[in-house]
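In what follows, a structure is listed as structure tokens, so that the remarks can point back to it.
The values are calculated or read from the model by the stated rules, or taken from the named source; none is laboratory data. Given the structure is predicted, the values throughout are model-derived calculations rather than measurements. All Cβ positions, even for glycine, are placed from backbone atoms using ideal geometry, and neighbour counts span all protein chains on display. All accessible areas refer to the heavy atoms of the entire protein, side chains included, with ligands and DNA or RNA removed. Shrake-Rupley method; radii C 1.70, N 1.55, O 1.52, S 1.80 Å.
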Amino acid sequence: MIKSELKVFMESVIADLESEGRYSTAHVYRCALKAALAYEGDGLCLENITPAWLVAYQEHLRTDRQLLMNTVSTYMRMLRAVYNRAVDAGLAPFVPHLFRCVFTGRQKNHRRALKGEEMRKLLAEELAEPAVAESASAVEPTEPATPSVRHDLRWARACLELMLRFHGLSFVDLAHLCKSDLRDGYLYVCRRKTGIPLCITVSPEAFALLCRYAHPDPASPYLLDILD
């Protein structure tokens, strides 16, 4: 059997995924490949992936890289999927239960939440306007703000505050809010992930943020200045 480099074969798998439009999956595969090559080098061959190598690699990810176990598991599962493809293609030897010695499951993470006082501080604290924004508005008041100016720390904080005030609305749902969704003091939202409809009361504080960061293009269907 001819020795096959992991990099060459895995990049071909990534290219196939991208051609199928599975860009998110391809991105995870690319991260897993980058981590493996950073540990072993570009010359890593599929034949070198043994139980002993996997255990040492897992320990490297945990101790040297200090990655969470779920991240380690993701990298291992990507390697396992690629290795199985290589076995089917006759490029790697079949080794029963090769990945049994490493963690490929899911570890339940402890959910972290803000305390009441932290939430009140976050919603009440004001951030100073960045100097670059002031100078830009003073010099060219008629020019639209550039992304580097408009999307500053205050803008990021405003997005977070709106998500909190809208009962934990996800960022993707916030970004896709349409002008037609805001009616009579309420937001009528359909969750993009689950399809569940929501009716959310818009407080005066939230309405002020919606007005401040409203989309500048009257022809745009979007409520906020996030998407083109």
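Side notes on the structure shown:
- Check on F99, farther than 16 Å from F9 by Cα, among the hydrophobic types (A, V, I, L, M, F, W, C) and outside any helix (DSSP H, G or I): no
- Scanning the range 168-210 for residues that are among the hydroxyl-bearing types (S, T, Y) and open to solvent by 40 Å² or more (accessible area, probe 1.4 Å), we see that the one that is nearest to the chain's Cα centre (by Cα) is T194.
- Scanning the range 211-228 for residues that are loosely packed, with under 15 Cβ neighbours inside 10 Å and part of a loop (DSSP other than H, G, I, E, B) yields a count of 7.
- Tallying residues that are modelled with pLDDT of 75 or more and over 21 Å from T201 (Cβ atoms) within the range 118-171 yields 8.
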